[in-house]
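Inspection log for the structure reproduced underneath, given as structure tokens.
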Amino acid sequence: MPQHQQKQGTFSRFFSLLKQSLSGEEMDFTTGSIRRAVLLLAIPMMLEMMMESVFALVDLYFVGHLENSSFAVQTVGLTESVLTVLYSIAIGMSMAATAMVARRVGEKDPVAAAKAGMQAIIVALAVNIVLAALGFIYATDILVLMGSSLESAQYGTPFIRITLGGSFVIILLFLFNGIFRGAGNAAIAMKSLWIANICNCLLCPLLIYGWGPVPAFGLTGAAIATTIGRGIGVMYQMYNLFNGKGMLKVAASYFIPDWEQIKALVKIAAPGVLQFVIASCSWIFLAELVATTGGDEGSAGYQSALRIMMFFMLPAWGLSNAAATLVGQNLGAKQEQRAERSVLVTAKFNISYMGFIMVVCLLAADPLMWFFTNNAHVHDIAVKAIRILSAGYIFYGIGMVLINAFNGAGDTKTPTIVNLFGFWLFQIPLAYLLAKQFNLGPIGVFMAIPIAETAMAIASAILFKRGRWKKVAV
């Protein structure tokens with residue numbers, strides 16, 4: 001066959017794969033090519049996670065050009081750090097929902113899959129009501145506790161109040177997407193984030209700067225825009241979940257608490273939530289350590305670098321989510337070897353992606369940060385942070401896939417233990433030692449992150465090879 005015909009055939013197959021991955025079909029991934037299965041799941045999941053990271057970048061861009069830009073950027077960054085606790089609950093519950101829905105789908109029991117998803121929603125919302133109320137009431141105190149100056153905290157209080165008070169939309173966005181992913185329909189999850197982000201991109205400049213009869217809300221406008229955008233995304237998810245056209249047919253009776261099912265969900269979700277709370281609290285401690293050793297501008301630089309880092313990292317997390325769905329469905333179908341091969345194939349894709357991103361960050365950090373801030377000191381700190389953090393990107397990619405493989409199997413305890421030792425007994429002491437005892441300040445904190453992430457990826461690989469995750473009952 002001539003070379004040009006081979007190229008046409010390759011492009012034709014790729015576009016066919018791309019079209020299928022974005023079509024919104026619910027698929028059975030227990031048969032067929034594993035590489036194809038990974039790509040069908042990974043493409044919409046990567047686009048979904050890219051859209052999740054765009055929320056923070058859009059806010060960062062617009063508030064970074066306000067008059068009090070260092071206060072504004074710091075507030076957005078510290079609020080995102082606090083939100084990681086809520087993200088932990090959302091991700092932990094969505095992981096439990098994905099694991100149970102995927103396992104039931106693998107067992108060809110869509111009724112049990114739908115019921116498991118609805119019970120997860122009940123639990124997540126009950127927990128979120130309490131945390132949202134506390135966040136709204138103690139908003140200023142939270143920012144001060146995170147290392148913000150009192151002046152900066154008072155400036156940012158309306159922003160964090162609106163964000164935390166409306167955080168139920170964050171919980172639902174993650175949870176509904178976890179249910180769709182478990183059913184093998186990653187495209188709906190992706191589309192909901194696209195819709196939410198388009199709304200946020202349109203509303204942010206309107207509400208921050210004002211236009212016509214709409215007043216300029218400044219920093220507060222960013223919180224209003226993001227909350228409304230996410231809310232519209234949730235409405236789209238609900239329409240697709242409850243319209244009766246998908247694999248999961250939802251009945252009103254599924255919302256009646258089933259205590260046995262809730263108990264099973266909590267058994268999986270609790271370690272899952274804990275593993276991300278451990279990680280997010282570690283990031284909160286690091287943010288506080290940077291703020292106290294680097295001041296408001298040092299903190300703003302670090303938070304800016306983290307937003308850039310998460311923009312590139314979240315698509316890798318999306319790709320690694322493919323491992324969770326494939327492991328869950330294949331273990332449900334009693335295909336342990338296929339589940340393991342799925343993880344290895346996903347890891348190879350993620351290593352390639354993160355290697356490319358590492359090169360981009362090393363070469364483009366300087367011009368990239370000028371786009372997001374006009375403060376020279378904030379820019380210089382952010383560039384140093386991006387370059388140091390990128391040193392561990394390949395190991396981040398491996399670790400993500402292995403964490404999702406454990407969680408997809410319902411083995412949420414193993415990554416929780418890895419996170420506890422890696423973050424709290426290694427990363428935090430190392431960051432404190434380098435920042436304060438060796439007087440490296442924020443640079444010491446930046447260095448501790450890739451060192452700890454590399455050690456955790458190696459530990460996860462050893463535990464994965466032992467294979468205990470294959471035997472977990474869900």
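Observations, loosely collected:
- Among ILE262, ILE162, the order of accessible area from largest down is ILE162, ILE262, computed with a 1.4 Å probe on protein heavy atoms.
- In the complete set of protein chains, residue-level accessible area for THR227 is approximately 40 Å², probe 1.4 angstrom.
- Gyration tensor verdict on the stretch 307-462 (Cα atoms; rounded if a/c is under 1.5, prolate if a/b is larger than b/c, oblate otherwise): oblate
- Around the Cα centre of the stretch 265-380, unit charges on the Cβ atoms of Lys, Arg, Asp and Glu (plus for the first two, minus for the last two) sum to a dipole of about 740 debye.
- Using the empirical formula 2.2 N^0.38 Å as the baseline, the Cα radius of gyration of the stretch 394-449 reaches a ratio of 1.38.
- Checked against a 28 Å cut-off, the cross-linked pairs LYS108/LYS413; LYS263/LYS471; LYS249/LYS465; LYS348/LYS436 give Cα-Cα distances beyond that limit for LYS249/LYS465; LYS348/LYS436.
- Measuring nothing but how far apart in sequence close Cα pairs (under 8 Å, 6+ apart) lie, relative to its length, the chain scores a relative contact order of 23 percent.
- Tensor-based shape of the stretch 249-295 (alpha-carbon gyration tensor, a/c under 1.5 rounded, otherwise prolate or oblate): prolate
- Inter-centroid distance (Cα atoms) of the stretch 272-330 relative to the stretch 417-474, Å: 13 Å
- Summing Cβ point charges (Lys, Arg +1; Asp, Glu -1) relative to the Cα centre of the stretch 327-474 gives a dipole of roughly 640 debye.
- Inter-label distance for ALA112 and THR292, nm, one decimal - labels placed 7 Å from Cα along Cα-to-Cβ: 5.0 nm
- Counting heavy atoms of the protein chains alone, THR84 has an accessible area of about 40 Å² for a 1.4 Å probe.
- Within the chain: Cβ-based charge dipole about Cα centre, in debye rounded to nearest 20 (Lys, Arg +1; Asp, Glu -1): 1860 debye
- The length gained on full extension between PHE356 and PHE371, counted as 0.36 nm times the residue separation minus their Cα-Cα distance, comes to 3.3 nm.
- LEU344 versus ALA473: modelled label distance in nm, points set 7 Å from Cα along the beta carbon direction: 3.0 nm
- Full extension of the chain between SER149 and PHE421 yields a length gain of 94.8 nm, computed as 0.36 nm times the residue separation minus the alpha carbon distance.
- In the assembled protein chains, LEU203 presents an accessible area of approximately 40 Å² (probe radius 1.4 Å).
- Which of SER12, ALA42, GLY410, positive extreme of dipole for the chain (C-beta unit charges): SER12
- These residues, ASP411, ASP258, ASP109, ASP141, go from largest to smallest accessible area, 1.4 Å probe, as ASP141, ASP109, ASP258, ASP411.
- Ordered by solvent-accessible area of protein heavy atoms (1.4 Å probe), largest first, the residues LYS115, LYS108, LYS334 come out as LYS334, LYS108, LYS115.
- Matching label, semi-axes √(5λ) of the Cα gyration tensor in Å computed from the structure shown, candidates [x] 38, 29, 19; [y] 41, 24, 20; [z] 34, 25, 23: [z]
- Note on TYR209/ILE232: beta-carbon distance plugged into 1/(1 + (r/R0)^6) with R0 of 22 Å gives a FRET efficiency of 0.55.
The values are calculated or read from the model by the stated rules, or taken from the named source; none is laboratory data. What you see is a predicted model; the values in this text were computed from it and never measured. Cβ sites come from the backbone with ideal geometry, for glycine too, and all protein chains shown count toward neighbours. All accessible areas refer to the heavy atoms of the entire protein, side chains included, with ligands and DNA or RNA removed. Shrake-Rupley method; radii C 1.70, N 1.55, O 1.52, S 1.80 Å.
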